[in-house]
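Read the structure below first, then the notes.
The values are calculated or read from the model by the stated rules, or taken from the named source; none is laboratory data. Predicted model, so just to flag it, every value in this text is computed and none were measured. We place every Cβ from the backbone using ideal geometry, glycine too, and count neighbours over all the protein chains shown.
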Amino acid sequence: MIRLYVAAYAERVAPLFVGLRAGVHGRAADLDFYAASMRDLWYVDRPRVDAVERVGLLERFPELQPHEDVGPRLGKCC
């Protein structure tokens, strides 16, 4: 059940990521990997033997790296 939830959520977020990164030099392989990973979440009857490896690769994406400039702005107004 959790994989279906994750797949549904990821499907909604995927167009945003793909739309922002499409055409960016050097990111075509990242987009293909991301799309294949999101697609494979729907195959709940197949074991994900490479799940840990895929997570490791996704965590290397620049978009998933911590950004120091985000924290101090949270909670500030005006």
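Of these, V44, V70, V49, V55, which one is modelled with pLDDT of 80 or more and either surrounded by fewer than 10 Cβ atoms within 10 Å (Cβ to Cβ) or touching a strand residue (DSSP E or B) at 6+ places or on another chain (Cβ under 7 Å) (or both)? Checking each option against the conditions leaves just V49. Under 7 Å between Cβ atoms, which residue pairs at least 6 apart in sequence (or on different chains) link something in the range 43-59 that is within 21 Å of M1 (Cβ to Cβ) with a partner that is in a helix (DSSP H, G or I)? The qualifying pairs are V44/R3; V44/L4; R54/S37. Scanning the range 17-47 for residues that are outside any loop (DSSP other than H, G, I, E, B) and basic (K, R) yields a count of 2.
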